[in-house]
1. Give me the pairs, please: first residue somewhere in the stretch 26-48 and on the phi > 0 side of the Ramachandran plot, second residue anywhere and of a type in the set (D, E), beta-carbon distance under 7 Å, and either six or more positions apart or on two chains.
2. Within the set of pairs 6 or more residues apart or between chains, which connect a residue that is of a type outside the set (A, V, I, L, M, F, W, C) inside the stretch 1-12 to a residue that is part of a loop (DSSP other than H, G, I, E, B) and surrounded by 13 or more Cβ atoms within 10 Å (Cβ to Cβ) with Cβ atoms less than 6 Å apart?
3. Select from the stretch 38-53 the residues that are over 11 Å from L73 (Cα atoms) and buried (at least 17 other Cβ atoms within 10 Å of the Cβ) and list them in ascending order.
4. Note down all Cβ pairs under 8 Å where the first residue falls in the stretch 65-83 and is free of Cβ contacts under 8 Å to residues at least 40 places away in the same chain, the second is loosely packed, with under 14 Cβ neighbours inside 10 Å and assigned to a loop (DSSP other than H, G, I, E, B), and they're at least six residues apart or on different chains.
5. In the stretch 4-58, how many are of a type in the set (V, I, T), near ligand 2 (Cβ under 8 Å from one of its atoms) and either assigned to a loop (DSSP other than H, G, I, E, B) or in contact with a helix residue (DSSP H, G or I) (Cβ under 7 Å, 6 or more places away or on another chain) (or both)?
6. Return the only residue of L72, L79 being more than 16 Å from ligand 2 (Cβ to nearest atom), within 13 Å of the chain's Cα centre (by Cα) and in a helix (DSSP H, G or I).
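What follows draws every value from the coordinates through simple rules; no lab data is involved. If you're wondering where the values come from, they're calculated on a predicted model, not measured in any experiment. Please note: Cβ atoms are built from the backbone with ideal geometry, for glycine as well, and neighbour counts cover all protein chains shown.
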Amino acid sequence: MALKINDLCVDCDICEGACPNDAISSGNGLYVIDPARCTECVGHFDDPQCVAVCPVECIDPDERYPETREQLLAKLEGLRKHA
Ligand code: SF4
Ligand code: SF4
């Protein structure tokens, strides 16, 4: 399941550099996560790195994108092929 950034985001920019998949970018006052690139950090880390570094705990699961661990690994493989 991809993650999403809610409107408590304070636009601090810490999470962008922490993402191993370049899934986070600056939006319109809030940072945003590209669900096509977010793997919950599966294949890189044990825990989502954006959640670990966010100072205001504003990153939640995005229920619109239910995915198994296998699907997340396949997504990562796809990202590596197109890197
Ligand atoms: Fe990037 Fe990992 Fe956060 Fe997804 S969970 S946006 S892959 S840091
Ligand atoms: Fe927003 Fe949290 Fe990312 Fe900072 S670390 S830009 S508060 S989501």
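1. G29/D11; C41/D47
2. These pairs meet every condition: K4/D62; N6/C58.
3. The answer is P48, Q49, C50, V51.
4. Between residues of the stretch 65-83 that are free of Cβ contacts under 8 Å to residues at least 40 places away in the same chain and residues that are loosely packed, with under 14 Cβ neighbours inside 10 Å and assigned to a loop (DSSP other than H, G, I, E, B), the close pairs are K75/A36.
5. Of the stretch 4-58, the ones of a type in the set (V, I, T) are 5, 10, 14, 24, 32-33, 39, 42, 51, 53, 56.
From what's left, near ligand 2 (Cβ under 8 Å from one of its atoms): 5, 10, 14, 24, 53, 56.
From what's left, either assigned to a loop (DSSP other than H, G, I, E, B) or in contact with a helix residue (DSSP H, G or I) (Cβ under 7 Å, 6 or more places away or on another chain) (or both): 10, 14, 24, 53, 56.
Residues flagged as of a type in the set (V, I, T), near ligand 2 (Cβ under 8 Å from one of its atoms) and either assigned to a loop (DSSP other than H, G, I, E, B) or in contact with a helix residue (DSSP H, G or I) (Cβ under 7 Å, 6 or more places away or on another chain) (or both) within the stretch 4-58 amount to 5.
6. Matching residue, one of L72, L79: L72.
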